[in-house]
Amino acid sequence: MYEGSPPNTAQRLQLLVEHLSPPSSSSTSERRTLSPSETLIVRTNSEIKWNGHGYRDTYFEFDDKGTASLTGFRYSKYSSKEFHDLRPWLEQTLRINLKTTLPSQPTMPSIHSPVVNHEFYDMIKPYGIQISFSEQDRLCHGHGRSTSDIYRLRYSNIARLPDAVIWPESHEQVETIVCASQNCNVGLIPYGGGSNDVNALECPVEEDRRMIVVLDMRQMNRILGLSKENMFVTVEAGAVAKDLEKELRKDGFTLGWGAESVEFSTLGSLTARRSSGIEKKFYDFTKSIIEIQMVTPAGTVQHASTTPPPPTTVGPSLLHIFLGSEGTLGVITSLTLKIYRLIPHRRVVSLYFPTFQTGLLFLREITQRNVVKLVGARMVDEVGLDLVQAFNTQAPNLTSIFKDVIKRYYWKKVKNLVRGKMCLAAIILESEDVGKLQVYEQRVIGVAEKFGGVDGGWEIGDHVFSISQTLPYLRDFLMDYYVISDSLDTTISWSHVQELSENVKNTIKATCRAQSAKASPWVAVRVDTVYDTGVSLTFMYGFNFWNLSDPHGALLRVEQAAMVEILKLRGSVSHHTTGIGKRKKEMFIESSSETSLAVLKSVKKTLDPSNVFCVQNLI
């Protein structure tokens, strides 16, 4: 917990420099009063938490016997289930004490009054654009879901919130808003589902403050066109990806997305942060984008049509300038996307390996040699496997305990698999033909056996893919027990995966020790996506902060030390699932050449000469 006032942006930046220096949701309508003469319709999210991840009815809890469970009904594999091994794992790994808690503050200590630009308000008012100045709406739209955001909401304060929230309902309304912002010097932040974890919604604290407005795009969620013959869909950018995927599947099509990354994300936000939203190699979201429509202060760039031509390769592609721009250039209002036929048969293959290294050799073999048409692949190291197993929902009994003892004995003596050293890989296979699917599975198992792999059945592999949906809820829950946790993602070449994994894990542990953390931190690494040239990795870590005066500052120091190690081996600043935002801005600049930054600044100056979209600037 902070002692005194929380650190502002400048102080956080100074902290970073010091340690880098060498030595669609449901809505309800309410009426709120802006002034004695003005009453506005306000759209609020009644199901989403204001100070945590996800839904209000979904959270972890301990019962009277100390058994952990996830409340609610949102997640069929986990909701209303008891996890009998989770509490012992948490007590042993993170040293939590059920009797020592740090509950969240019920409300924010203080919320500043909004800065209102009346000229801007008068310009948009005649067009019937919905706007709110209420504290509730500003607070809900003033943060993402990063650990830093959630920690400040629960135990501290947010220095600056947006001054208003706007819900545009058409492309033309967005053009009106951007034009008014340009004329009135009002800053804009495009907002999708608010699920970002890179502090992208953090408002700058300025001495001469101008009005900052958030554009909640979720009212623009219509499917504008669907062509089964030409295999594309045109949709407004505010559509939640999970909802679009559900609609497409009714007609036998898919965009290839898994639920975990797109549960709250809109199409516009996925495009803006260049995210695939999936773990599947076969479906590449960025390659599926045919056209986009985007409003910038310089005008509308590219027009998404309902009858797009086949892909062409004539001239430079403006599309790739917008991918990953993260709201710095304009507002995406609609997209045309390639769709795929839904493959009816799917199977998950789980494989245990003696070590993380042997698992990596297996993944490289099946990827580079195209052993099968690989749809998706993940792998957790020995530490991550312990977490997966802690989510076991089967109540222990004499039969299950006996079977577990026999299985471990067989694995250790015959297959050289030792708990605490072995890792788990999970492979997704799909086919139109069930018979071919069985052939693919046997082919994968055959390759795995060459590297000491053992078939683990489908169920635990399915958990490897789906467990990510519950981890943000677990992170919030653990804050109540003095544990703070986070993750970092990167891409790295095959030749440096093992070295990077060990270096980053050791660095995180050493940094925690240097800050006198109560116990050794929990650090795990997960392979999320495999490519011919390398893999994407996610490092997950957490530590007990019971005896620390500034846990948030400690977390930032751990993160920066880990990022330095990632950059040393030429790992990327981020993988496409999270983006850059403000959290990784300085690292992005440091890892880019001066010429690259000059080109980006030139594009920014051309499309946004008035600096309307300054609040999320990457450069």
Report task. Please work out which one of (1) at pLDDT 85 or above; (2) in contact with a strand residue (DSSP E or B) (Cβ under 7 Å, 6 or more places away or on another chain) is the condition Glu202 fails and give its number. Result -> (2)
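Can you tell me which residues in region 537-581 are in a loop (DSSP other than H, G, I, E, B) and within 25 Å of Met379 (Cα to Cα)? Spell out how you get there, then give the answer.
Quick first cut of region 537-581, residues in a loop (DSSP other than H, G, I, E, B) only: 545-550, 569-581.
Leu569, Arg570, Gly571, Ser572, Val573, Ser574, His575, His576, Thr577, Thr578, Gly579, Ile580 - these are the residues of region 537-581 that are in a loop (DSSP other than H, G, I, E, B) and within 25 Å of Met379 (Cα to Cα).
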Query raised in the report: Which one of the conditions (1) closer than 14 Å to Ile124 by Cβ; (2) buried (at least 24 other Cβ atoms within 10 Å of the Cβ) does Glu202 fail to meet, given that it meets all the rest?
Result: (1)
Query raised in the report: Considering region 23-76 alone, what residues qualify as being at pLDDT 50 or above, exposed (fewer than 13 other Cβ atoms within 10 Å of the Cβ) and over 21 Å from Ile111 (Cα atoms)?
Result: Asp57, Glu61, Asp63, Asp64, Lys65, Gly66, Phe73, Ser76
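Inside region 83-106, can you point out the residues that are among the polar types (S, T, N, Q) and in contact with a Leu (Cβ under 9 Å, 6 or more places away or on another chain)? Break it down into steps so the answer makes sense when it comes.
Initially, region 83-106 is screened for residues among the polar types (S, T, N, Q), giving 92-93, 97, 100-101, 104-105.
Within region 83-106, Thr93, Ser104, Gln105 qualify.
Answer with yes or no whether Thr100 is in contact with a strand residue (DSSP E or B) (Cβ under 6 Å, 6 or more places away or on another chain), over 14 Å from Thr393 (Cα atoms) and hydroxyl-bearing (Ser, Thr, Tyr). Reasoning before the result, please.
Values: in contact with a strand residue (DSSP E or B) (Cβ under 6 Å, 6 or more places away or on another chain): no; over 14 Å from Thr393 (Cα atoms): yes; hydroxyl-bearing (Ser, Thr, Tyr): yes.
Spelling it out, it is not the case that Thr100 is in contact with a strand residue (DSSP E or B) (Cβ under 6 Å, 6 or more places away or on another chain), over 14 Å from Thr393 (Cα atoms) and hydroxyl-bearing (Ser, Thr, Tyr).
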Query raised in the report: Of all residues in region 138-170, which are in a helix (DSSP H, G or I) and farther than 14 Å from Thr107 by Cα?
Result: Thr147, Ser148, Asp149
Report summary line: Filtering region 320-361 for residues that are touching a Ser or Thr at 6+ places or on another chain (Cβ under 6 Å) and either among the acidic types (Asp, Glu) or under 23 Å from Val233 (Cβ atoms) (or both) leaves a count of 8
**Report entry** Count - residues of region 82-109 that are assigned to a loop (DSSP other than H, G, I, E, B) and surrounded by 15 or more Cβ atoms within 10 Å (Cβ to Cβ)
**Finding:** 7
Report task. Test each condition in (1) buried (at least 20 other Cβ atoms within 10 Å of the Cβ); (2) assigned to a helix (DSSP H, G or I) for Thr490 and report the one that comes out false. Result -> (2)
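Return the residues of region 180-199 that are among the small types (Gly, Ala, Ser) and part of a helix (DSSP H, G or I); say none if nothing qualifies.
Once the filter is applied, which keeps residues that are among the small types (Gly, Ala, Ser) and part of a helix (DSSP H, G or I), region 180-199 yields Ala180, Ser181.
The values are calculated or read from the model by the stated rules, or taken from the named source; none is laboratory data. No experiment lies behind these values; they were computed from the predicted model shown. Using ideal geometry, Cβ is built from the backbone for each residue, glycine included, and neighbour counts are taken over all protein chains shown.
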